[in-house]
Amino acid sequence: MNRIDQLLENYRSHIQMPLRPGLPASQRVWFAVYPATEERRLINRIDDFEMLTREAGHPWVRIDLKGCLARWLASVDADELAEWFKNPGDIELYARTEWKDMLSAFFQNEVTRAADPERTVFALTGLMDLFDFLHVSELIDSLEKTFPGYLLVFFPGEKEGNTYRFLDARTGWNYLSIPILSEK
C-alpha cells in the first residue's frame, strides 16, 4: 500500500469517530502528514478525502492556498514591490505580517461557504506556497482561534513525537494537534 492510500485508510478510521463540538481549537486541528514527495499524488486523491468525510456525515470545505503568494505580491504597489526586491529579506518580514493577515482573511472568507460551520471539516491544502516566506506554525496559530469546525491540514513533511517538520527542511515546532499519518 502506498503512503497516500495508507493516509486515506488512517483518515477513514479517524473521521468515522464521533466529532465532539466544543473541544478546544488545538483538539479540532488534524494534521494529515505525508512525505513532501507525495504532494502531487495527494492532490490527485483529495476528492477521496472529501468522499470519506461526507460518507461519515460531515460537511467539507476545501481551502487551497495554492497561488495565494502570487495574488498577494500582485496586490502590492509596484514601486513598493520593487523596493522589496532590492532587499529580498524584506519580503519575508512583510509576509509574516501583511501576507499572513491576507491569508487569515482569505481563510475566514472561505469559512463562510460552510452551511454548518461547527460540523464542517475545513481541508487546508497548498501549504507548499508558504515555504521560505511564512512558517506553517505562524499561520495555524493565527487561524486556530477563529475557525468554527475542524481543520484538516494537509502537511507535507514529517512528525516525530509532537514535533512537525515542514517539507523535511525547517526546524520543527511542537504542536498539540491530532496527527493522521501516512504509515501504519
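The condition of being in contact (Cβ under 8 Å) with a residue 40 or more places away in the chain and surrounded by 12 or more Cβ atoms within 10 Å (Cβ to Cβ) holds for residue 52.
Test residue 132 against the stated conditions and say whether it is in contact with a helix residue (DSSP H, G or I) (Cβ under 8 Å, 6 or more places away or on another chain) and either more than 26 Å from residue 21 (Cα to Cα) or of a type in the set (Val, Ile, Thr) (or both). Yes; evaluated as a whole, the condition is true for this residue. The residue that is surrounded by the fewest Cβ atoms within 10 Å (Cβ to Cβ), among those in region 113-129 that are assigned to a loop (DSSP other than H, G, I, E, B) and of a type outside the set (Val, Ile, Thr), is 115.
Scan region 14-47 residue by residue and report those that are without any contact (Cβ under 8 Å) to a residue 24 or more places away in the chain, in a loop (DSSP other than H, G, I, E, B) and closer than 18 Å to residue 59 by Cβ.
Here is the first cut: in region 14-47, the ones without any contact (Cβ under 8 Å) to a residue 24 or more places away in the chain are 17-18, 20, 22-24, 37, 40, 44, 47.
Right, trim to in a loop (DSSP other than H, G, I, E, B) and you get 17-18, 20, 22-24.
Those that are without any contact (Cβ under 8 Å) to a residue 24 or more places away in the chain, in a loop (DSSP other than H, G, I, E, B) and closer than 18 Å to residue 59 by Cβ: 17, 18, 20, 22, 23.
Would you check which residues across region 103-112 are over 15 Å from the mean Cα position of the chain (by Cα) and under 17 Å from residue 66 (Cβ atoms) and list them? Talk me through it step by step, then tell me what you get.
Start the filter on region 103-112 by keeping residues that are over 15 Å from the mean Cα position of the chain (by Cα), which leaves 109, 112.
Within region 103-112, 109 is the sole residue that qualifies.
Out of 165, 170, one residue alone is in contact with a strand residue (DSSP E or B) (Cβ under 9 Å, 6 or more places away or on another chain), closer than 30 Å to residue 83 by Cβ, outside any helix (DSSP H, G or I) and at pLDDT below 80. It is 170. Taken as a whole, region 68-89 holds at least one residue that is of a type outside the set (Lys, Arg), in contact (Cβ under 8 Å) with a residue 24 or more places away in the chain, under 24 Å from residue 149 (Cα atoms) and surrounded by 11 or more Cβ atoms within 10 Å (Cβ to Cβ).
Among the residues here, residue 59 does not qualify as under 20 Å from residue 147 (Cα atoms), surrounded by fewer than 16 Cβ atoms within 10 Å (Cβ to Cβ) and touching an Asp or Glu at 6+ places or on another chain (Cβ under 7 Å).
Quick check on my filter: what residues within region 48-58 are part of a loop (DSSP other than H, G, I, E, B) and either of a type in the set (Ser, Thr, Tyr) or touching a strand residue (DSSP E or B) at 6+ places or on another chain (Cβ under 7 Å) (or both)? Scanning region 48-58 gives a single hit, 58. Condition test on residue 92, is it assigned to a helix (DSSP H, G or I), in contact (Cβ under 8 Å) with a residue 12 or more places away in the chain and at negative phi? It is true that residue 92 is assigned to a helix (DSSP H, G or I), in contact (Cβ under 8 Å) with a residue 12 or more places away in the chain and at negative phi.
Considering (1) polar (S, T, N, Q); (2) under 13 Å from the mean Cα position of the chain (by Cα); (3) more than 25 Å from residue 35 (Cα to Cα), say which one residue 75 fails and leave the rest. For residue 75, the exception is condition (2). Among the residues of region 121-134, those identified as modelled with pLDDT under 95 and either of a type in the set (Phe, Trp, Tyr) or farther than 15 Å from residue 31 by Cα (or both) are 129, 130, 131, 132, 133, 134.
With respect to the stated conditions, residue 136 fails to be in contact with an Asp or Glu (Cβ under 9 Å, 6 or more places away or on another chain), hydrophobic (A, V, I, L, M, F, W, C) and buried (at least 18 other Cβ atoms within 10 Å of the Cβ).
The values are calculated or read from the model by the stated rules, or taken from the named source; none is laboratory data. Because the structure is predicted, anything quoted here is derived from the model rather than measured. Counting neighbours? That spans all protein chains shown, and the Cβs are built from the backbone with ideal geometry, glycine included.
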